[in-house]
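Peer 1: Below is one structure. I have some questions about it.
Derivation of every value follows stated rules applied to the coordinates shown; laboratory data play no part. Note that the structure is predicted; figures quoted are calculated from it, not measured. Glycine also receives a Cβ, built like all others from the backbone with ideal geometry; neighbour counts cover every protein chain displayed.
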Amino acid sequence: MSWLKYALINVAETCFRMLPIPTRTGLITLGNPGRNSPVILTCNFHLTVVRVKRALRGIDAYLLVANSRGINVWCAATGGLFTNHDVISVLKTSGIEDLVDHRHVILPQLAATGIEGKYVRKKTGWIVQWGPVDIKDLPVYLQQRKKTPAMRQVSFPAEQRFEMAVAWAFPISLVAGLILLPLWRGGILPAVSLTWGLALAIFMTFPLYQQWLNPKSERIGFVLFDFGRGGVQLILLAGIFAGLVVVAKYTGQFSGTFFLRWGIMSTLVVLVLSLDLMGSTPLYKSGLHTDRFLNVALDVNKCKGAGFCEQVCPRNCYDVDHHRHLATQPRADLCVQCGACIVQCPFDALCFESPNGETIAPEMVRKFKLNLLGKRLVKTKDRPGIKQ
Ligand code: SF4
Ligand code: SF4
């Protein structure tokens, strides 16, 4: 694929990133793979497949594309749309079993919230290895077959923040433009500028305010940025309209046109401020989460030091003491409650625990996925090995 075509695909699909953009599932041959070549599996979000293929240029490998309903790895896996069944299905039906002598398949690390390595192995014989978080690290990972802590950890660099700003601003400004076209043509340019300006400001200044989103001070982040809960948008809109009434009364502009125009602009501002910033990156928890204050509790009596938790944690919360065969959580305060470690632990040594001592068992996390957990906390009766 030429550089120009690659750039155009990136621009177009970033603008429509909020929509599923599926591509064909199945097997793609990269270069001239042999019987020992690596097998890499990804989702069928078109942009992801294009980027993986580009990152693997010059490498002989097999790429399996599994059905994630055209949604990116993180969103599909956490939302229950990229599942064990999808991975098993492509491993069984693509013909890959006849092409290689080994049974190792590399999956994107961010799929670990929704796909259980142990289950896939039991059903297919394939051993799941968790690749790096970022596609660009794939070639180095394939060379070393080892992930550095940096390859395991999610960051939210400027280019990704810009991409997310575009992904939010484009559809909102498009809809705003279409609504304003018959009502107020002169308002289209200010509305579009306002939308893009606000979206860019929110994402590009992220490092300046991210400290307030830190889980430890999350109650502040919750109030300021979590517009998904508590009808904050409605309160904000009500306040703006009350202000408009006062202004209209004192300036003598009390008319339908005045309220229509300023009402549309105000709604737009509230809409852009309501974007799910935390849902735009695995770095922070989504505003959709029901309970924001869960800890991951470790049962030291069950832990065998297998290290799957360390391999899949996007916040690098774990270290594994290989002498004592025990995981530790020295950076537990960075946890974003994604559940990946709980899903992957083969000995069920981890579970979610609330500040009140209620727990969500591993089988619940595996069954309902991150965004679907709801209120499935149960009182902890007797868990003597639990260590916080
Ligand atoms: S918590 Fe589970 S995955 Fe982590 S080291 Fe212990 S046994 Fe292994
Ligand atoms: S420790 Fe927290 S952030 Fe890390 S994998 Fe487990 S739930 Fe996710």
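Peer 1: With everything on Cα atoms, drop me the angle between helix 158-183 and the longest principal axis of the chain, reported from 0 to 90° to the nearest 10.
Peer 2: The helix 158-183 is inclined about 40 degrees to the chain.
Peer 1: I've got another one for you. Report the gain in length on full extension from Trp184 to Ser255: 0.36 nm times residue separation, minus Cα-Cα distance, nm rounded to one decimal.
Peer 2: So the chain would gain 24.1 nm between Trp184 and Ser255.
Peer 1: Give me the compactness ratio for the chain, meaning the Cα radius of gyration over 2.2 N^0.38 Å.
Peer 2: With N residues counted in the chain, Rg over 2.2 N^0.38 Å equals 1.11.
Peer 1: A follow-up question, please. Over 28 Å between Cα atoms, which of Lys92/Lys304; Lys123/Lys147; Lys53/Lys304; Lys5/Lys92; Lys92/Lys146 qualify?
Peer 2: Lys92/Lys304; Lys53/Lys304; Lys5/Lys92
Peer 1: Could you tell me which of Asn10, Asn36, Tyr250 has its Cα farthest along the dipole of the chain towards the positive end, charges placed at Cβ (Lys, Arg +1; Asp, Glu -1), taken about the Cα centre?
Peer 2: Comparing the listed Cα positions along the dipole, Asn36 ranks first.
Peer 1: Would you calculate, for the chain, the mean residue ellipticity at 222 nm contributed by helices, counting each DSSP H stretch of 4 or more residues as -39,500 (n - 2.57) and dividing by all residues, to the nearest 500?
Peer 2: -13000 deg cm²/dmol
Peer 1: Between Met18 and His85, what FRET efficiency comes out of the Förster formula 1/(1 + (r/R0)^6) with R0 = 35 Å and r the beta carbon distance, rounded to 0.05?
Peer 2: That gives a FRET efficiency of 0.85.
Peer 1: Alpha carbons only, please: Rg and Dmax for the range 3-150, in angstrom.
Peer 2: 14.5, 44
Peer 1: Round to the nearest 10 and give me the degree value, 0 to 90, for the angle of helix 46-55's Cα axis relative to the longest principal axis of the chain.
Peer 2: Taking Cα atoms only, the helix is inclined about 50 degrees.
Peer 1: Using only the Cα atoms of the range 18-89, what semi-axes does the equivalent ellipsoid have when each is the square root of 5 times a gyration tensor eigenvalue? Give whole Å, largest first.
Peer 2: The three semi-axes for the range 18-89 are 22, 13, 9 Å.
Peer 1: Taking the Cβ-Cβ separation of Asp60 and His322 as r and a Förster radius of 41 Å, what is the calculated FRET efficiency to the nearest 0.05?
Peer 2: 0.80
Peer 1: One quarter of the convex hull surface, Cα atoms only: what value does that give for the range 78-226 in nm²?
Peer 2: Averaging across all directions leaves 13.5 nm² for the Cα convex hull.
Peer 1: Shifting gears a bit: Based on the mean of other beta carbon atoms within 10 Å per residue, what is the order of 34-43, 327-336, most packed first?
Peer 2: 34-43, 327-336
Peer 1: Extension gain Val247-Arg103, at 0.36 nm per residue separation less the Cα-Cα distance, in nm?
Peer 2: 44.9 nm
Peer 1: Determine, for each peptide in 308-321, 250-263, the mean count of other beta carbons within 10 angstrom over its residues, then list the peptides with the highest first.
Peer 2: Ranked by mean Cβ neighbours within 10 Å, highest first: 308-321, 250-263.
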